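The structure appears right after this line, and notes come after that.
The values are calculated or read from the model by the stated rules, or taken from the named source; none is laboratory data. These numbers come from a predicted model, not from an experiment. Because the Cβ atoms are built from the backbone with ideal geometry, glycine has one as well, and the counts that use them run over all protein chains shown.
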Amino acid sequence: MRLDVVTIFPEYLEPLNVSLVGKARARGQLQVGVHDLRNWTYDRHHTVDDTPYGGGPGMVMKTEPWGDALDEVLADGYEAGAHGPVLVVPTPSGRPFTQELAVELSERPWLVFTPARYEGIDRRVVDEYATRMPVYEVSIGDYVLAGGEAAVLVVTEAVARLLPGVLGNAESHRDDSFAPGTMANLLEGPVHTKPPVWRGRGIPEVLLSGHHGRIARWRRDEALRRTTAHRPDLIGRTAPAAFDKKDREMLSILGWAPDPEGERYGRFWRRVEDVEE
Ligand code: ADE
């Protein structure tokens, strides 16, 4: 996979040299190019922003540097043999970045990122490149960062670990929290390793039992416990068929019941105390 990032803060992307992504680069599984947007400015001050049409606070990133930068980065990539680019535009106004989208992006051969600062990039830039390639405007969460660079790091790490051979153990993705295709979308429960006792705290007996069936059941129950606590929305929208009898027992212990009323809205489960109000 090839990655290009155009930014006014190339040094912000230094973490791409480290750890999983850094190793994938060193092994040749990833080719990364980080490009300084200011290389495509031609005035003395290397201006990349201007005041917004229509007024309002803040500044807007200008069309010309982005257009010239993207044209050159794309041309150089094609020349180096890359193909099938997609533009990834981090923005708080984008669609939510999810594991499903990470999987989709990991199947593309070439990602070009355009992290913005200020109030964002003049809309015409995205509109222009959308005529040439798929564009993904993505938000990494419901908060506003000072710029898109941190989002590029987030997306890159989520995507890179899915590339064949990068994680070592292909099985590792299967149990990922949010892994698409799993029936119920549950958060992963707690994990433990040696020593068996630490500051007086032991390991749940069942994990030492060697009984695979009971261990799997315990893990499933812990996943249900954690998901109901931290992400009740994920439980609510899980189709009843995704839970077996033991799951239902656990859900009932945790205070959840089927919600025939909510089914029309895609809400299959409700907290029991929500009914009695
Ligand atoms: N830029 C600023 N905030 C962002 C967010 N939440 N996601 C992606 N890019 C951003």
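Checked against (1) loosely packed, with under 11 Cβ neighbours inside 10 Å; (2) part of a helix (DSSP H, G or I), residue 210 passes all but condition (2). Out of the residues in the range 87-109 that are within 16 Å of the ligand (Cβ to nearest atom) and among the β-branched types (Val, Ile, Thr), state the one that is farthest from residue 152 (Cα to Cα). Looking at residues that are within 16 Å of the ligand (Cβ to nearest atom) and among the β-branched types (Val, Ile, Thr), I get 98. Given the criteria in contact with an Asp or Glu (Cβ under 6 Å, 6 or more places away or on another chain), within 28 Å of residue 55 (Cα to Cα), at pLDDT 95 or above and surrounded by 18 or more Cβ atoms within 10 Å (Cβ to Cβ), does residue 90 qualify? Answer is no for this residue. If you check 69, 75, 80 for being surrounded by 13 or more Cβ atoms within 10 Å (Cβ to Cβ), small (Gly, Ala, Ser), away from the ligand (no atom under 14 Å from the Cβ) and over 24 Å from residue 142 (Cβ atoms), only one passes: 69. Considering the range 154-181, the residues that are at pLDDT 95 or above and more than 11 Å from the ligand (Cβ to nearest atom) include one that is nearest to the chain's Cα centre (by Cα), namely 158. Within the range 110-148, can you find the residues that are part of a strand (DSSP E or B), more than 7 Å from the ligand (Cβ to nearest atom) and either hydrophobic (A, V, I, L, M, F, W, C) or free of Cβ contacts under 8 Å to residues at least 24 places away in the same chain (or both)? Correct list: 110, 111, 112, 113, 121, 135. Number of residues in the range 219-277 that are exposed (fewer than 15 other Cβ atoms within 10 Å of the Cβ), among the charged types (D, E, K, R) and part of a helix (DSSP H, G or I) equals 9.
Scanning the range 1-42 for residues that are free of Cβ contacts under 8 Å to residues at least 60 places away in the same chain, more than 18 Å from residue 146 (Cα to Cα) and part of a strand (DSSP E or B) gives 31, 32, 33, 34, 35. Annotation for the range 4-20: at least one member residue is on the phi > 0 side of the Ramachandran plot and either modelled with pLDDT of 95 or more or under 20 Å from the mean Cα position of the chain (by Cα) (or both). Filter the range 24-66 down to residues that are under 30 Å from residue 162 (Cβ atoms) and basic (Lys, Arg) and give me whichever is surrounded by the most Cβ atoms within 10 Å (Cβ to Cβ). Selected residue: 25.
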